[in-house]
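Undergrad: Structure in C-alpha cells, see below.
The values are calculated or read from the model by the stated rules, or taken from the named source; none is laboratory data. It should be emphasised that the depicted structure is a prediction, and the values quoted were computed from it without experimental measurement. All Cβ positions, even for glycine, are placed from backbone atoms using ideal geometry, and neighbour counts span all protein chains on display. To get the accessible areas, we keep the full protein, side chains included, count just its heavy atoms, and leave off ligands, DNA and RNA. Shrake-Rupley method; radii C 1.70, N 1.55, O 1.52, S 1.80 Å.
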Amino acid sequence: MGLDALLSRLEGHAVTPVTAAETADVTAKPAPALVCTLVTPVTAPADVTARAALWLLHFPNLDPVAVVFAPAVDHAGALASYPAAIAAEPIPEPPAVPVPADLAALFDACAKAGLYDDADRTALPAMLALDADGTRGLIEAMHARIGRCRRCKHFRRPGLSDGHCTGRDDLPHVYGFMHALPDDGGARCGAFDG
C-alpha cells in the first residue's frame, strides 16, 4: 500500500471516537504569502564614516535631540555614546559664533580651575551656535563653583592657615576634626553647603 492510498483511507475513516467520519464542506484558508528575503543587504548612509561634532540623535518615544561631541565622532561613536538612540545623523556645523569676551574670561577661569579642558574649548563655538543662552548659563554655573571652599559653612581657618574642611572625611586628615582642602578648591565638591 502506497502512502497516497494510506492517507486517503485514513481521511475517510474516523480517527478517534469523537471525530466524525464525514467532514463538513469547509475549505481551508490559504496561508498568507509573505514576501521576504532571507538576506537583505543593509546599505549604510554615505556619511556614516564622516566625523562630526554635532549629531541629531533619534530615540523611540522622544523628539530628536541635538548633541555636541568633543572631539568629533563618527556614526558608530555617536550611537555608542547613547545606546538608547535608534538613529543618528550629522548636523552641518553652523557658522562659528565668536565667543564674547566676558564669556571667554569666565571659561578661561574655569579651565584654569580644571573644570574644562581642550576638548571643551573646541566645542564652545558649536555650543554657542546651537544655544547661546544655555551655554552662557552652563559656564556661569561652573564659574560659580570656583573657590567654593571659602564660601562653605564647613570651611575653617584657624590661625594663619589657608583653611581646612570640616565636612568631608575623604580628604587627608590634618588635625583634630579638620581635613585638608581639596586641590580644586571645592569646585567638584558634593558636600558644599553655602
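Undergrad: Being in a loop (DSSP other than H, G, I, E, B) and in contact with a Phe, Trp or Tyr (Cβ under 7 Å, 6 or more places away or on another chain) is the filter; apply it to segment 78-106 and report the residue that is least open to solvent (accessible area, probe 1.4 Å).
TA: Going through the qualifying residues, I end up with 85.
Undergrad: Residues in segment 111-124: is at least one more than 22 Å from the chain's Cα centre (by Cα) and of a type outside the set (A, V, I, L, M)?
TA: Yes, segment 111-124 has at least one match.
Undergrad: Taking into account only those residues within segment 61-74 that are under 14 Å from residue 50 (Cα atoms) and open to solvent by 40 Å² or more (accessible area, probe 1.4 Å), which is modelled with the lowest pLDDT?
TA: This residue is 71.
Undergrad: So, of the residues in segment 95-148 that are small (Gly, Ala, Ser) and in contact with a Gly (Cβ under 7 Å, 6 or more places away or on another chain), which turns out to be modelled with the highest pLDDT? Show your work before the answer.
TA: Initially, segment 95-148 is screened for residues small (Gly, Ala, Ser), giving 96, 101, 104-105, 109, 111, 113-114, 119, 123, 126, 129, 132, 134, 137, 141, 144, 147.
In the following step, the residues that additionally are in contact with a Gly (Cβ under 7 Å, 6 or more places away or on another chain) were identified as 113, 147.
Working: 113: 78, 147: 72.
Applying the filter and picking the extreme gives 113.
Undergrad: Moving to a separate point now. Go through (1) among the hydroxyl-bearing types (Ser, Thr, Tyr); (2) outside any helix (DSSP H, G or I); (3) touching a strand residue (DSSP E or B) at 6+ places or on another chain (Cβ under 8 Å) for residue 161 and report which single condition fails.
TA: If we test residue 161 against (1) among the hydroxyl-bearing types (Ser, Thr, Tyr); (2) outside any helix (DSSP H, G or I); (3) touching a strand residue (DSSP E or B) at 6+ places or on another chain (Cβ under 8 Å), just (3) comes out false.
Undergrad: A further question on this structure: Do we find a residue being small (Gly, Ala, Ser), under 30 Å from residue 71 (Cβ atoms) and surrounded by 18 or more Cβ atoms within 10 Å (Cβ to Cβ) anywhere in segment 121-141? If you could, list the steps in order and put the result at the bottom.
TA: Our first condition is that a residue be small (Gly, Ala, Ser); within segment 121-141, this holds for 123, 126, 129, 132, 134, 137, 141.
Add one more test, that the residue is under 30 Å from residue 71 (Cβ atoms), and what stays is 123, 126, 129, 132, 134, 137, 141.
Then keep just the ones that are surrounded by 18 or more Cβ atoms within 10 Å (Cβ to Cβ); that gives 123, 126.
Within segment 121-141, one or more residues are small (Gly, Ala, Ser), under 30 Å from residue 71 (Cβ atoms) and surrounded by 18 or more Cβ atoms within 10 Å (Cβ to Cβ).
Undergrad: Quick check: is even one residue across segment 170-180 open to solvent by less than 30 Å² (accessible area, probe 1.4 Å), out of contact with any helix residue (DSSP H, G or I) (no Cβ under 9 Å at 6 or more places or on another chain) and not in a loop (DSSP other than H, G, I, E, B)?
TA: Yes: segment 170-180 contains one or more residues that are open to solvent by less than 30 Å² (accessible area, probe 1.4 Å), out of contact with any helix residue (DSSP H, G or I) (no Cβ under 9 Å at 6 or more places or on another chain) and not in a loop (DSSP other than H, G, I, E, B).
Undergrad: Let me ask another. Examine segment 149-158 for a residue that is surrounded by 15 or more Cβ atoms within 10 Å (Cβ to Cβ), in contact with a helix residue (DSSP H, G or I) (Cβ under 9 Å, 6 or more places away or on another chain) and of a type in the set (D, E, K, R), and state whether such a residue exists.
TA: Among the residues of segment 149-158, not one is surrounded by 15 or more Cβ atoms within 10 Å (Cβ to Cβ), in contact with a helix residue (DSSP H, G or I) (Cβ under 9 Å, 6 or more places away or on another chain) and of a type in the set (D, E, K, R), which makes the answer no.
Undergrad: Which number in (1) within 24 Å of residue 54 (Cα to Cα); (2) surrounded by 11 or more Cβ atoms within 10 Å (Cβ to Cβ) marks the one condition that residue 118 misses?
TA: (2)
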